[in-house]
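S.K.: Got a structure for you, questions after.
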Amino acid sequence: MIRVLQVLGSTTLGGAESRVMDLYRHMDRDRVQFDFLVTKGHTGHFDEEIEGLGGHVYTIMPYRIYNHKQYTDAVKTFFKEHNDYAVVHGHMTSTASIYLPIAKASGIPLTIAHARSAGVDSGIKGILTNMLRKNLSKRCDKMIACSDLAARSVFGEHSYADGLVKIMPNAIDVTDYAANTSERERIRNRYNVTDKFVIGHTGRFHEAKNHLFLIDVFNDFIKMRDDAVLMLLGEGPLEESIRDHIKELSIEDKVILPGNQSPIAPFYQAFDAFVFPSIYEGMPGSVIEAQAAGLRCLVSDSVTRLAKTTDLVEFESLNNDSKKWANKINSIYGDLPVNALWNERLRDNHAIQQIMLDSDYDVNNQVRYYTDLYEKGIDENR
């Protein structure tokens, strides 16, 4: 058995964290075992499960420009004490150019940088992130990205054009999202939306997800369809401003904020539509999840076209205003009653599931890829 160290920001309910955990659950742990190195010291959502699967969670200080030496020293100390890993798989690309070379110098055979986002935060933080990533392509053994956009953003145009980056989209357990009437009824009853047209969105409350615009779109849409409600799953730094905007528009009775939810699959059953106006993304796992659940999706044109795995996805320009987005939703769904929409999903479910199961978006297909990568990559990079 080989041990792989997964480097993440945390073990909370985030997109990258959830995708790595999906992989971990399905991995043959007699062959490959995961440990985790994170920068947030509080107990994460997945910690108990990780321990139960045989893994360990280690914590290191978060990187700040002013603590560069302390961070570097801490990384060196960690790998001096834990140099028996076969692979270090780094999902924190903002600092991967620091910790991956240190891991390599400590004798770890294979280092992987994995790009999961196609953008950076605004302001000084984004500038610093781009600076830290500048030579990342030369400071790791393998490069993986969840999409073409993420590859270009993190590793540069040349690395992508030269075929040096493996594109491996974020994967899910597709069967978890198969149509389920009882789960749909359970969630809709819990939130008292049994007869409502539920527009859903899942994602961290962060500027990249464009929640304020989504709320504006919804506010325009309810003028066309008064039985509509908006359900926003997630948490994050913009939650207060999101709640304030909902109050400004006086639509508190139309918007539901359930917070983070796990498992999340039943909520996709409860949705009738999925709207995703992100400003930037690597590969949005939520759009993949929505398709696996059979939902028609309206997605911003800043999202990679690789996210369109089925004919359920339509793209809309962020240059268009909220009214045009609302009109687009209306043109897709019209005034179809929710029962008719659900019956349509039940009818098409088998075909949609089969498309997803045959793709790289199903976690079982990715388990084979990563097992092979980890085992063969060790010998190739010793």
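What follows draws every value from the coordinates through simple rules; no lab data is involved. Predicted model only: the values in this text are computed from it and were never measured. Cβ sites come from the backbone with ideal geometry, for glycine too, and all protein chains shown count toward neighbours.
S.K.: Where is the GNM fluctuation largest for the chain (alpha-carbon springs, 10 angstrom cutoff): Gly90, Gly294, Gly259?
M.R.: Answer for the Gaussian network model of the chain: Gly259.
S.K.: When Ser137, Ser153 are ordered from fewest to most other Cβ atoms inside 10 Å of their Cβ, what list results?
M.R.: On the way: Ser137 19, Ser153 22.
Arranged by neighbour count, lowest to highest, Ser137, Ser153 become Ser137, Ser153.
S.K.: Out of the trypsin sites (Lys or Arg not before Pro) in segment 19-117, which ones are loop residues according to DSSP with at most 10 other C-beta atoms within 10 Å?
M.R.: Those that pass, being in a loop and sparsely packed, are Arg64.
S.K.: So, in Å, what gap is there between the alpha-carbon centers of segment 72-107 and segment 289-360?
M.R.: 41
S.K.: While we're looking at this one, here's another question. Set the bar at 23 Å for Cα to Cα. Now go through Lys209/Lys308; Lys138/Lys166; Lys138/Lys209; Lys196/Lys323; Lys134/Lys308; Lys223/Lys254 and name every pair that lies beyond it.
M.R.: In this structure, Lys138/Lys209; Lys134/Lys308 lie more than 23 Å apart at Cα.
S.K.: At what distance in nm do the modelled label points of Arg305 and Asn364 sit from each other, each positioned 7 Å from its Cα along Cα→Cβ?
M.R.: The answer from the label model is 3.1 nm.
S.K.: Continuing with this model, one more query. Which one of Ala292, Thr202, Tyr280 has its Cα pushed farthest toward the positive end of the charge dipole of segment 154-299, where Lys and Arg give +1 and Asp and Glu give -1 at the Cβ?
M.R.: So the residue furthest toward the plus end is Ala292.
S.K.: Could you give P(r) for segment 174-357, binned at 5 Å from zero, as whole percent values over all Cα-Cα pairs?
M.R.: 1, 8, 18, 22, 23, 17, 8, 1, 0
S.K.: Let me have the 222 nm mean residue ellipticity of the chain computed from DSSP H runs of 4+ only, each contributing -39500 (n - 2.57), with the sum over all residues rounded to the nearest 500.
M.R.: Calculated mean residue ellipticity at 222 nm is -12500 deg cm²/dmol.
S.K.: What's the exposure ranking of Ser10, Ser262, going from fewest to most Cβ atoms within 10 Å?
M.R.: In order of increasing Cβ crowding within 10 Å: Ser262, Ser10.
S.K.: Could you please rank Arg243, Arg296, placing first whichever residue has the fewest other Cβ atoms within 10 Å of its Cβ?
M.R.: Arg243, Arg296
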